Each structure stands twice: as structure tokens, then as C-alpha cells.
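Novice: Sending over a structure as C-alpha cells; questions will come in a sec.
Derivation of every value follows stated rules applied to the coordinates shown; laboratory data play no part. No experiment lies behind these values; they were computed from the predicted model shown.
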Amino acid sequence: MDAFAVSLSAGTTLQNVGYRPVFRLSFHFGLFQFAMPVIGWYLGSSIEPVIAPYDHWIAFGLLTFVGVRMLLSGIDGNKSSLKIDPSRGMTLILLSIATSIDALAIGLTLAIMKVDIWYPAVVIGVVTGLLSLIGLRVGNTLGEKFGKRMEIAGGIVLILIGLRIVASHLRV
């Protein structure tokens, strides 16, 4: 659901949502959601104590960084100044990591529980890719209809997702 919400926000910033940017975003979100549990599973319980205290802060920092960039782009009246394409480059990687960092912990948990990783990882990756695709399309429709206001809202949503991740980890 985090990837869906981020896709919804990212869709608001895409000017021309063709097949390529939609594919890049939904593919990368699905790929990272597939790969992170697998990586976590292979790392097993040995790295969990090292990552657990910081994973939520990393996700928060990445989402806040991208969210602030979206906010500044939405607030700025000059259309070309801070326009970012969330389907390219470092923004794509940062969003993919931020939305999938919890999946690393899921992989660690599955390794501790001695559960085979492949079926859950494939299901997680495919569902995330599909939800991201839907989120991008809906977000783009909202972005075309409401313009910069949706970009501002998208930035706020990313920051709120980061805060929710931190809050859920601090509550535990």
C-alpha cells in the first residue's frame, strides 16, 4: 500500500504518462518489493539486529527528501525550475528503496521462521507492480485535473507515509 500511495503521488508529477514511465515505476516498485524480501531472507537473522533500529529512519529520510522536492516544485510558480521525473534516475531508485525497505524485514522474519521465500516474494512483487500501475494512472488523472495542487498534495502524502513508517516502528 505504501507503493500504491507513492505511485499515486508520483503520477501527479508526470506530465505525459506514456507506457515507458509507467512501466519503469511499476516495474521497479514491483522488482524492489520482490528483491528486498529475498535479500532479507538470504541475510537471515545475522543482519536484522543491525538494520532494525534504522530501517524506518532510512525510509522516512528518503520519502521526505522526495516529498520536499515535490512540494517545492508544486509551490514554485516557474514550471521548469524543480520539475522532477519520478520514473527516472536517482528519484526512481530512492522511491523504490523507500517503499520496499520494510520488505527486507519481512524477508528476515521469513528466514527466522524457516519459510521458503520464493512464492511470497513473487506474490509481493506482482501485487506491488499492479497496485503501482493503478496508482500511477489515477494519480496522473488527478494531476491533470488539479495541476500543481496535486503535486503539493503528493509531496505531503510522501512525507506523511514516511512519518507513518517511523511512528509504526517507534510504537513497537
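Novice: Compute the projected area of the convex hull of the Cα atoms of segment 57-143, averaged over all viewing directions, and report it in nm² to one decimal place.
Specialist: For segment 57-143, averaging the hull's shadow over all directions gives 6.9 nm².
Novice: Can you tell me which of PRO49, PRO120, PRO37 moves the most in a GNM of the chain? Springs connect C-alpha atoms under 10 Å apart.
Specialist: Largest GNM mean-square fluctuation: PRO49.
Novice: By how many degrees, between 0 and 90 and to the nearest 10, does the Cα long axis of helix 19-43 differ from the longest principal axis of the chain?
Specialist: Relative to the chain, helix 19-43 is tipped by roughly 20 degrees.
Novice: Over the alpha carbons of the chain, what is the largest minus smallest coordinate on each principal axis, giving the biggest first in Å?
Specialist: 52, 32, 24
Novice: For segment 94-172, with equal point scatterers placed on the C-alpha atoms only and solvent neglected, what are the log10 I(q)/I(0) values from the Debye formula at q = 0.11, 0.13, 0.21, 0.27 1/Å, to two decimals?
Specialist: -0.42, -0.57, -1.10, -1.27
Novice: Return the sequence-ordered ³J(HN,Hα) values of segment 102-113 in whole Hz as given by the Karplus equation 6.51 cos²θ - 1.76 cosθ + 1.60 applied to θ = phi - 60°, using x for Gly and Pro.
Specialist: Running phi through 6.51 cos²θ - 1.76 cosθ + 1.60 with θ = phi - 60° gives 5, 5, 4, 5, 4, x, 4, 5, 5, 5, 5, 7 Hz.
Novice: Turning to a different aspect of this structure: Where is the GNM fluctuation largest for the chain (alpha-carbon springs, 10 angstrom cutoff): SER26, SER96, SER73?
Specialist: SER73
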